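Visitor: Below is a structure I'd like to ask you about.
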Amino acid sequence: MHQHHSPGIVVDDLVKRYAPDAPPAVDGLSFEVRPGEIYGLLGPNGSGKSTTIGVLATLLLPTSGTVRVAGFDVVDQAVDVRRRIGVALQETGVDSAATGRDLIARHARLLGISRSDAGRRADELLREFDLADASDKRLKAYSGGMRRRLDLALALVGRPSVVYLDEPTTGLDPISRQALWERVGRLRDDGVTVLLTTQYLEEADALADRIGIVASGRLRVEGTSDELKRGIGGDVLTVDVRPDLEERAATLLGGRGEGRGRVALAVRDGGAAVPRTLAALTAAGIEPLSVALARPTLDDVFRRVVGGHLIEQSEPQEVAA
Amino acid sequence: MNAIATQLPDTSALLPASPSFVTQVSILLGRLLRQLVVSPTTYINLAISLFFLAVYTGAFGSSAGFEKLIGASFLTFILPVSIVNASLAGSVAGQLLVTDLETGYLRRLQAMPISRVAIVLAPMIVGAILVLAQAALVLGVGMLLGATSATGATGLLVVLVLSLLWGMAFAGYAVATGLLAGNAAAAQAATFVFFPLVFLAPTFLPRAQLQGWLQVAAAFNPTTYVLESMRGVLIGGWNPGQLASGFAVIGGLCIAATLWATRVARRTTSRR
């Protein structure tokens, strides 16, 4: 089938059972990753993330539902899918007796790149991932951080249009993690579609254009990081005024006096509420001494969602369970 | 579900053509051969085969009575045992495949647009190459030390083909048991079947000289027919009946083991 375009990833009602009588590891999962988007799939252990990636990487067969990657069906057009994906999965290993350069060059040749171009591509990626000095070292001498960078380099050998990154920075120190984030961020500039799973919520927050949270094999909620955070009840604005004005300010703002001149109020959008609140206080002749805005973190969202509490507000796209 | 908002242009035309099946196998083969060249195990196995040859010849080779009993020079008589031992190098196929399974490299290959058959075939071919190389070396050392071939160079070639079939049978067995067990240690442990195979056979004496239950056991042991076929061409000259039975037994075993290995490997590497 000729493809005119390369849509990202479309997962529609995916169900995966490892045995006919086993409970589903993935249970009616649907989501889309737009071309050139970085999509973060979050969920607790056993929520079906790795199984989903296994199906998307054509390593597992779906029990039912359809999955299309770069416009191709993962069941019937697996080879077409494999030609377009780059995979850095946790369980994929390397040949530790090989050197970094050998491994990348061999990978390139298996993808149909000529021997001389494969060598050039290996050198290019080794430089890009700061591994040039170790290019002729055997992989058994690579540190954990170097191995993760090499994993990502391997995933990019064939210039894939879709990349899966399964917990790409697990076990990395903060500096290596930051460097890898920057490189993953650049994939977006190259128009690569990225599906990322991670146990670090700040990683999804920093990298993903949109985030889907899965629990028990189903998508519970998805949206941008800001949408998800707003969805759990908005921000908390705290205003300090002179203690004798606290009660008046609380009444005026519809907030709650907390003593010593502090008034706290829940607002839907903190960014917009700050100037409005300050203006209202000033107009009433109450001088604000300080203002603080606390936003929910993705951590709060995650705890709330996987704890079984679905988001009730309408802004993020709530997904029917 | 929302329609996809934007679409990137199709880049299919920029993708390089997938390499041919033969190229895939040769790339995978190159990798495995390189691994073997740097692996000490390769040389240990070869050294053990030569060690056995030296020990057996040293222990029994100077006995004229013994040579009268077996009807040949002891070195020529025992040489097939060392060759059969060297052929166990075929088990490396199983170990290589299981190591890739354990490290996750197999999974990486499975997510690439390459043939599943190529992934399994490459280690089997490596096993065959190693068997041939080791058997040829042991045979060469044996000839240098004074072993003879009653059927000349053609006979030596027949011995090598028999060792290849034997090695491939062992490779198939090692691949299947290793993949079923799922770890390299189990693949290694499975090669211990070699001991009953070698010692319940006419290893040190012709079958006619074996006594009681050992003679019965030897009749059911495929190693017996490999050793007798090899000894036939090295010592007795061309014996079509003996050769045919040797090739039938080891050929059948080789086919059965290869089919078993293919079946297990297909199940291991296929999507479920």
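Visitor: Against the definition (more than 8 Å from chain B (Cβ to nearest Cβ), surrounded by 20 or more Cβ atoms within 10 Å (Cβ to Cβ) and assigned to a strand (DSSP E or B)), how does residue A:15 come out, yes or no? Write out each step before concluding.
Guide: On the way: more than 8 Å from chain B (Cβ to nearest Cβ): yes; surrounded by 20 or more Cβ atoms within 10 Å (Cβ to Cβ): no; assigned to a strand (DSSP E or B): yes.
Spelling it out, it is not the case that residue A:15 is more than 8 Å from chain B (Cβ to nearest Cβ), surrounded by 20 or more Cβ atoms within 10 Å (Cβ to Cβ) and assigned to a strand (DSSP E or B).
Visitor: Right, something else. Mind checking which residues of the range A:152-167 are within 11 Å of chain B (Cβ to nearest Cβ), in contact (Cβ under 8 Å) with a residue 12 or more places away in the chain and assigned to a loop (DSSP other than H, G, I, E, B)?
Guide: Across the range A:152-167, the qualifying residues are A:157, A:158, A:160, A:161.
Visitor: Continuing with this model, one more query. What residue, of A:48, A:54, A:100, is over 25 Å from residue A:306 (Cβ atoms), open to solvent by less than 30 Å² (accessible area, probe 1.4 Å) and either away from every other protein chain (no Cβ under 12 Å) or small (Gly, Ala, Ser) (or both)?
Guide: Residue meeting the stated conditions: A:100.
Visitor: If I filter the range A:232-251 for residues that are within 30 Å of residue A:17 (Cα to Cα) and open to solvent by less than 40 Å² (accessible area, probe 1.4 Å), do I get at least one hit?
Guide: Going residue by residue through the range A:232-251, those that are within 30 Å of residue A:17 (Cα to Cα) are none.
Within the range A:232-251, not a single residue is within 30 Å of residue A:17 (Cα to Cα) and open to solvent by less than 40 Å² (accessible area, probe 1.4 Å).
Visitor: Go through the residues of the range B:65-83 one by one and say whether even a single one is farther than 22 Å from residue B:201 by Cα, free of Cβ contacts under 8 Å to residues at least 40 places away in the same chain and open to solvent by less than 50 Å² (accessible area, probe 1.4 Å).
Guide: No.
Visitor: On to the next question. Looking only at residues that are among the hydroxyl-bearing types (Ser, Thr, Tyr) and over 30 Å from residue A:203 (Cβ atoms) in the range A:257-305, which one is least open to solvent (accessible area, probe 1.4 Å)?
Guide: A:277
Visitor: Okay, next question. How many residues are closer than 13 Å to residue A:170 by Cα, open to solvent by 10 Å² or more (accessible area, probe 1.4 Å) and in contact (Cβ under 8 Å) with a residue 40 or more places away in the chain when one looks only at the range A:200-212?
Guide: Total satisfying the criteria: 2.
Visitor: Hey, among the residues in the range B:89-123 that are without any contact (Cβ under 8 Å) to a residue 40 or more places away in the chain and farther than 19 Å from residue A:80 by Cα, which one's surrounded by the most Cβ atoms within 10 Å (Cβ to Cβ)?
Guide: Selected residue: B:100.
Visitor: Inspect the range A:173-189 for any residue being touching a Gly at 6+ places or on another chain (Cβ under 6 Å) and buried (at least 20 other Cβ atoms within 10 Å of the Cβ) and give the result as yes or no.
Guide: No, that holds for no residue.
Visitor: Further question on the same structure: Can you work out which of the residues in the range A:77-96 that are in a loop (DSSP other than H, G, I, E, B) and open to solvent by 20 Å² or more (accessible area, probe 1.4 Å) is nearest to the other protein chains (Cβ to nearest Cβ)?
Guide: Going through the qualifying residues, I end up with A:91.
Visitor: Residues to consider are A:277, A:238; find the one that is part of a helix (DSSP H, G or I) and of a type outside the set (Asp, Glu). Walk me through it before giving the result.
Guide: Working: A:238 fails: part of a helix (DSSP H, G or I).
Result of the check over A:277, A:238: A:277.
Visitor: Let me ask you something else. Hey, which of the helices (runs of 4 or more DSSP H) in the range B:84-170, taking only ones fully inside, have at least 3 residues that are more than 14 Å from chain A (Cβ to nearest Cβ)?
Guide: Because the criterion is at least 3 residues that are more than 14 Å from chain A (Cβ to nearest Cβ), the helices (runs of 4 or more DSSP H) in the range B:84-170 that meet it are B:116-145.
The values are calculated or read from the model by the stated rules, or taken from the named source; none is laboratory data. These figures come from a predicted structure and were not determined experimentally. Cβ coordinates were reconstructed from backbone atoms using ideal geometry, including for glycine residues, and neighbour counts include every protein chain displayed. Surface accessibility is based on the protein's heavy atoms, side chains included, excluding ligands, DNA and RNA. Shrake-Rupley method; radii C 1.70, N 1.55, O 1.52, S 1.80 Å.
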